[in-house]
Structures are given as C-alpha cells and as structure tokens.
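Q: The structure is given below, and queries will be raised subsequently.
All of the numbers you see were taken from the coordinates with simple rules; none came from a lab. Worth saying up front: this structure is predicted, and the values here are computed from it rather than measured. Note: ideal-geometry Cβ built from the backbone for every residue, glycine included; neighbour counts use all protein chains shown.
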Amino acid sequence: MINSFFRSIFIVLCSIVMLSAQSQPDWVEEMPKDVEYYYARESVGVRGLSEEEYKDKANAQALKTISMQIRTTVSGQAQSSFKEKTTEEDGAFIDEFESESSTSTIADIQGAELFDSHTTSTTYWVVWRLKKSVHAENMEKYVNSAIAQYEGFSYMPSSDPVQQLQYLIPAYEDVVKVAGVPVVFEGKNLKTEIPNQISAILNSLRLMPDGETELTGQTGYALGEPLKVIVKADKNMNVVDIPILFSIESGELLFSKNLVMSAASGKASTKITNILSRKSVQQVRAKIDLKEWREDRLSELVSFENRLNEISRANSVLFTLDIKQVTQEKIAVITVGNDQSVFNEETLKRMNSVFRSEFADVTDFQLADEMLTEPIIESYKRDAALCSNEECQIQIGEKLGVERLCFVSVEYYPKVTTVTIFLRNIAKNELELQYGYDFPHKEWKERPPEKSNVFKRALSKAENAEEKYKNDDMKTEEYNDIMNETGPVINKYNEAIDKYNSRFKPHKDEMTDDIMVSIPEMVEDYWIRTNPGRLTLNCSFRGVKGEFNYLGTNRWFEKTFEERLPMRDEKFLEGSYELDINKLGYEKYHMRFDVAMGEFPDYDVNLKPKRPSKAFFKSFLIPGRGQIYSSDADNRGRFVMGLTYFVSTMACVGGSGYLWNDFSKAKNIYEVAKLDYKNAVDINDVSSTQSIMSAKHTIMSDKRSTAVLVTGLTVGIWVFNAIDAALFFPAEYKGRRLSMNVSPQFLAGEPGAKTKLSWNF
C-alpha cells in the first residue's frame, strides 16, 4: 500500500517535470537563427521586482545586446580609415558615441520587435529581434539627415550663431544615433567635425553677468534682485533668442523661470522666488542650453547630453549666494471673546490652541511657551472688553517678554460674529496689522462653499496617504495620524455642502465650529497680508484707471477693485489677477498675472491707440465692425452706427441673394419657353410660344436688373461703411483722425488755378 502511494507520487512529479519542460519554449535553450535578423535573448530574476520592473530590465538588456551585435558585425575597415585621420581625443569621442549606441532604448533602435517571452516562478525570459534591412534603412536615414543638417549649416552666415546651432545640434543628435557606421561629408568625419564646430561657435559668443554675481539672501524668502546675464557676439553685437538655462549647482532654490530666451538687448534674467535650503553658500550657474535645439527631446541619449553640457559649461556664469538665517521673533497668541454665554473659557482655550498650532506651521514666528502664557491670559479672564485696548495688550506683551503679540478678538453680535486679528509690535509700541473676518448669522451661503487651500491640501494629503497605505508603503500608525488630522477639515467641508443644500441656519455651537475650521484659512490669509508680494506696473500714461479681478479662492479678499496706474512696489496679496483697462481713444487692454509672497513682478502695460486705418480694415472685412471698434462710453453713436451698417449690409446681402436666386428661377423658365419656341412647327404654335418666350425674357431681364441694382447697393453700402469708419473716426482721438481737405492752388508761371486734394491721418 505504501509502495503504491510513493509510486503514484513519483509518477505525478515526473509528469509535472515533463509538462513544465514541454511548456518551455525551444528558444530558452537555443537561440533562434535567421540570417536576416539580429536576435537577443535575456533573462532576469523576478523575485523582489514588480512585473513592470523585471520586464523593463530584460527588454533593456536585450536591446543593448542587439546594439553590441550591430557594432561587432559591421565591417571595421571604413571606420578604421577615418579613425586614423583623427586625434586621440577625437577617437575617444567616437568610442563614447559608439558606447552610447550600445545602451540604446526601444525608441532609439527603431524597428526592434518583441519576438517572444516566457515567465517561470523565478525567471523572466525574453527574445527581441531586429531585421537587418530595417536597421540599415534607419542608419541610412540618420546619416542622410545628419549630412543634410550639416549642409544646411554650411550655408548659414557666421554672423548668425543661432541659425548655425539650429542646424548643428540636430545633426549632432543624428550622428550619435548612428551605430558602427562612419558619417562623412566632403571628406569630413562628422562625428568629430560637428562638436568642434559647436565649440567654435560657443567660443565666439560671450555669456557675461549683467550685474553682481555675489548676492545675499535669506532662507525662506525670495532673493531681492534677479540673476541677470547678457550674450554678446563678435563686434559686441547682442544675440537674440539664445536659450539660457539657470541651474542649481548647490543648495535648494525655486526659480520664477529656469529657462529664459535672450531678448533683443541680448539680456536674460530670472528671479529666485524662494530660498529653501539653510546652506550658508549656494550657487546657481547660467549657461547656454544647447539641448533646446534637439529634435527628439523624448529619447534618452545620456552621453550626447553630457557632451553638450560640457561644451556649454566652458562658457557660463556662476552666481554665488551668501545666505543669512532668519532670526525668529518670539510671539504670543491670545484669544478673547465678548460673550461668555457663546464663547466660554473652554471654547476660547480650544480656539487659542488651534491658532497657536497654525501660527507655528504657517509663519516664521517662534511661539512663546503656552505654560507661561496661559496663567497671564487667564488673569485677564479672556474678556475682550478688558483686553482690547492698547495699554492692556502692551502690558501682556511685556509680561510675556515677547517682541510681538497676536491678539485675537472673537465678538458675537445678533447678525454676525467677527474674528479680528491684531499684530502689535511690543518693542516699538506699534499696531502693525489689523484685519477682521465676518461670519454672518443668516441662511447658509448664497453660493456653494468654495474649496479652500486648506481643504485642498487636506484632501490631497489624505488621498496620498490612502494610496501609500494601500501599497504597503505606510505604517498603520502613520496612516491613522494623517486621517485623524485631515478628517475634520474634509468632513467640515462636506457638512458645509449639506448645509448649503438644505439652506441650513447655523446654531451658535455650529458657528463656533465654523470658526474653528476656518482658523487655518484665517492664519494663512493673515500671513499673506503680513507678507504680501509687491507689484510694479509700468505705463506711459499717468492716472490710468485699471480694473483688477482677483481669481484666487480667498473668501475674505475683495474680488474686484480699481487702482490707478502706473504703480511701483504696490502691496498685492498672493494669487492670480486679471487687469482690464478702458481708456478713451485706446484699444481695450487685458492681461493676466500672478503674485506670490516675496516676489517682485514687474510688467509693462502698453496701450495701443485706436487708428482710422484699423477701423477701415475692420469695416472692410465685416460691415460696422470699424465703427464699433472706434466707439466707447463717451461715443455710443458710433456703436449704433456700426450696428446699423451691419444690419443694413446683411439685409442687402440676404436680399441680393434672394433676388439672384429669383433671377435664376426666371432664367430657367425663360430657357424652357425658348426651347418650346425652337421646337414649335405649326405657325400658330410658333406665334404663341414666341409671345410666351418674349414675356418670360422681359420678366427675367427685370429680375436681373433688380438683382444687379440691389447687389450694387450692397457693394456701395459695404464700401461706404469702410470709408465712413476711417473718414468719420472720432475727433476726440487727437492726431489720429482721417480727414479730407480740398483747396485751390496757384502755381507760379502757370495760368489759372488748380485744386489740391489731401488726406490727413
């Protein structure tokens, strides 16, 4: 019995082995053979790797193997003949490029295809193949493209380095992709000729600093002045449209833009919007970014890009930043209320704790020890009536030994609860900021509650934690902490939506909850107001009124307001804005811009005058458009005139179309009558059909005349509308009106008088 059992087990195991051996493809043991193809077989272990990871690894190895095969099978005679003509350094470059080809990706080896794959419990097997004829075609394509680009470069004038580089960089890129084949043009080995030409062009350019290169900044703040460079060519000529890349050599910084095109002046600049690292010395390098002229930016050609970086690095500017650390000022936060029946001692303590926490997270202040502050605050019984005056606040600040006091007053009234935040400088005895936040006691918001930045951050944080926890990348304790932190914020927003949907009137307790949830937003808003950005808008006209539209989500900030231009270093809250300007005699101006804390954006506002010539062409294309273009609030008559021209012209166009269609029908009827006349045989039929034909011809002629008349009228109105748009351009737009002048002219030596006709713009 036992023997038969073991025999059965043995038979089963043998069957499993045989089946597994049978299921394994033949190519695992023996590589496929086909003289028309390059084959590569690779295997990788699957343990500890995801399916995507081990497949990518095996595919990369197989493609590298194909590249090596290509290199070893290509005849080396022609190649070696060119290496004999190069320097040792040039030969090193060639070897480097050939090595690059051996590490090609799927995108670089065009035409390579997956032949088969096989997976076991421990190993992933893969076979790739590349048809030799396809590879030969690819190489021919790259060679021809490189030669064509280089030939284009040879026609470019030496005075235009940008055009030269626009040909050379793509040619260089094609050369790098050529595996094992020399690239020759007029006896020149382009694998060495092209990089030499690129270096020569860069050597003819001078990238210089346009200001100081040693600057001072503070961690957590923007750099006070921009990093500026200028590009010059031979004979001190400015170079336009050169891409300048600002990259971090050491430290951690944020740029407004790290890639900038040189302007007509040859200048390029960027701003450091935030210094993140506390390193005492940080460096930024500015260099010409040759990679911007690549044709295929998606493919990875590491050695190619490294070589470009080496070439451009030789002609670069290094900026050094001396970083000072911000001295944190000590601040105390106290929260008081005016109605103990609504906001009792415990409620105000909870509010104060949340305010402290947010001030610690959002601001640069150092919070005074709560163990020391609470007894002093309690001595004033958290009564707003006792603490709101200046003398009391200074006394509290001095007792606590802080530089600044953040005083939060929560005041309940029948229709609104107001939270007012005061920032008082104790040492200077100054009130630096005071701002109030209203929470109305009325039906829930007229609009659905907006998704605040606080809610968005909480939601994003919760979603990321959920994803990481699902993938076992986060511990349970850490996940629970994040959920406990973000849950109240998310839930509060969802409750607000529910309340809005039911037009819910909040209870006093719920008003307290609303304030508690809004504290992070209030502190963030308060900090932004304390540290606003500064905006400069340059305008050639003084006193121009601009209408600003705030596009951010700050619910306490005025959405639309007006300011006079120009303005310099005006305080603007962080966010996105739209600016609209309507000035008499000028086209409507619209722009969108962003302001961030610590930044100093500088914009030019260029108003374009309305012109008669432009009005003429607008009306010539669309009747009445030129009159509407020249209208404004003080000149509504032109707007009405424009509509009149448009409606009347379109009516004439419609009428003309109808009449020509009517004429076409009459012509068809006439042609039928004419055919009847031609086909008539009997004398009576001839007479009657002739009369009918004559009558139909008269009708047709009348309809044609009417259509011609209306068409002429349409053309006349259309043309006159265009002339009217220019000729009667508003006189208020001084110096830009088109006028006609007819005057007699008497010329010496000639009898009689002549008339002079002049047009003035």
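Q: Over all distinct Cα pairs, what is the inverse of the mean 1/r for segment 532-605, reported as the Kirkwood hydrodynamic radius in Å? If you can, show how the numbers build up before the last one.
A: Numbers: mean 1/r = 0.0794 Å⁻¹.
Result for segment 532-605 stands at 12.6 Å.
Q: Could you list which residues have their amide H under 5 Å from that of PHE255, counting only those 5 or more apart in sequence or on another chain, with H placed in the peptide plane?
A: HN-HN under 5 Å from PHE255: THR273.
Q: At 7 Å along the Cα-to-beta-carbon direction for both LYS279 and LYS470, put a label point, then send me their distance in nm to one decimal.
A: Calculated label separation equals 3.8 nm.
Q: Give, in nm to one decimal, the length gained when the segment between GLU390 and ASN684 is fully stretched (0.36 nm per residue of separation minus the Cα-Cα distance).
A: Between GLU390 and ASN684, full extension yields 93.9 nm more.
Q: Could you sort the peptides 33-39, 641-647 by per-residue average Cβ neighbour count (10 Å cutoff), highest mean leading?
A: The packing order, highest mean first, is 641-647, 33-39.
Q: Grab the beta carbon distance between SER613 and SER540, set R0 = 22 Å, and tell me the FRET efficiency rounded to 0.05.
A: Details: r = 21 Å, r/R0 = 0.97.
Given R0 = 22 Å and the Cβ-Cβ separation, E is 0.55.
Q: What is the order of HIS441, HIS135, fewest Cβ neighbours within 10 Å to most?
A: HIS441, HIS135
Q: A follow-up question, please. Multiply the residue separation of SER691 and ILE376 by 0.36 nm, subtract the distance between their alpha-carbon atoms, and state the gained length in nm to one decimal.
A: Full-extension gain reported as 101.6 nm.
Q: Just rank LEU433, LEU321, fewest to most, by other beta-carbon atoms within 10 angstrom.
A: Starting with the residue having the fewest Cβ neighbours, the order is LEU433, LEU321.
Q: Now for a different question. How far is it, in nm, from the label point at LYS235 to the one at LYS267 when both lie 7 Å from their Cα along the line to the Cβ?
A: 2.4
Q: I'd like the FRET efficiency for TYR603 and SER154, computed as 1/(1 + (r/R0)^6) with the beta carbon distance as r and R0 of 41 Å, rounded to 0.05.
A: According to the calculation, E is roughly 0.45.
Q: Okay, next question. Compute the signed sum of charges (Lys and Arg +1, Asp and Glu -1) over the other residues within less than 10 Å, Cβ to Cβ, of LEU659.
A: +1
Q: What is the Cα centroid distance between segment 578-615 and segment 395-422, reported in whole angstrom?
A: Value for the Cα centre distance between the two parts: 41 Å.
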